[in-house]
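Report on the following structure.
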């Protein structure tokens, strides 16, 4: 069967992220004998016209739409993505009578509401590799499920997780948009952050891919596709059980070195581990610090202190690794006193970049949603399809925005609102600079680095 998979992601903030989920589903369907094409709306200025033309040329028997995010989780500059999915569904209906299947992490959070809102035919909850193969096999014979929502099914074990089917045209586009390609080393998250949907989507147990397969992906991207920068998309790269060390050791064993970054948590790192990662190409880290003082860290369910954050920051900086942090103000337990304490704490961090958010997007089935209901920040009949943000009832939003703006206005490496740097970053990517590039905000950074000629790739 011919199947067209569509990545509906429109965000490029802080930089374009390769549509890994779509590519993994493409691999599963291709391995099952289907003829699959991938369509990324970011590649096209007029993506609806381009999509219509692609459908008419390819004539797929099934169309899948991946929803990576519902919105941009940024209270200061809200962007809602489901309207885009609705326009895609509408366009498909104009040129095809075949079934439309939704999936992706964003869809799995609110499947019934999104399906009703968009008007698609079916949707898959959770990991889609096995469900989509069965759906496609039945659809090829004209058989469709009685219910519109499929799944969730038993989660795949690590070795069962497919490598992505990295498509040449997509890779070329992302080479010109920062040269960043995505790789997943594992699924699952053992942490209990009250606002986070990762355990809901991926489970609370670590399911590690075979490190050899992960490094095969890295070599494919680096050698064949000439990718210059790898982004490990794991919820936390340095997991408590040390699964990540299997990937690092395999890269060292095979002498694979490519610039890379990922999400890190403070604690349980040391000089030896950081130096090993640096030898494989670790060039920058994004630390999920999330709150800026011990009171609010505890309220968010974090298992570390601000002292741990400072020590982690200093460790990476000492090894020459560009370091960034993400902080959210306004969570449970936030008061004027904790806001002021948090500001001073962030200012104490040395040689790093801090991205500062105000408010926390409330997501279904999280502990934060229960708190919001109890405190009447959220009404019981609100399905949370449109963005709803938690701000502590003990804090005045206008005061907090004014205080954060004034505190960080003159500090170049403390970014509030968090998307302030995005326009400059996109310009640098168009000029041919690779990577995340927020390291250009570091206090001692004077010249852009890692430039490549994208036209030659």
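None of the figures in this text is laboratory data; all of them are computed from the coordinates on show. What you are looking at is a predicted structure, and each value in this text was computed from that prediction instead of being measured. Cβ placement follows ideal geometry from the backbone for every residue including glycine, while neighbour counts extend to all protein chains displayed.
Some values worked out for this structure:
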| quantity | calculated |
| --- | --- |
| Largest-first principal axis extents of the Cα set of the range 129-204 (Å) | 43, 38, 25 |
| Whole-Å distance, taken between Cα centres, linking the range 82-153 and the range 191-233 | 25 Å |
| Förster-model FRET efficiency, 35 Å R0, residue 411 and residue 375, C-beta, rounded to 0.05 | 0.60 |
| Relative contact order, percent, the range 2-158 [alpha-carbon distance under 8 Å, six or more residues apart] | 23 percent |
| Rounded tilt (10° steps) of 243-253 against the dominant C-alpha axis of the chain | 80 degrees |
| Radius of gyration and maximum dimension Dmax of the range 2-158, Cα, Å | 14.8, 48 |
| Relative contact order (%) - criterion: Cα under 8 Å, at least six apart; region: the chain | 14 percent |
| Computed [θ] at 222 nm, helices only, for the chain once each DSSP H run of length n ≥ 4 contributes -39500 (n - 2.57) | -10500 deg cm²/dmol |
| Cα centroid separation - the range 279-296 against the range 355-401, whole Å | 23 Å |
| Between 0 and 90°, nearest 10: helix 20-31 axis offset from the chain longest Cα axis | 30 degrees |
| Among (i) 22.9; (ii) 24.8; (iii) 26.7, the entry that matches Kirkwood radius over Cα pairs in Å as calculated here | (i) |
| Cα long-axis angle, helix 271-280 against the chain (0 to 90 degrees, to the nearest 10) | 40 degrees |
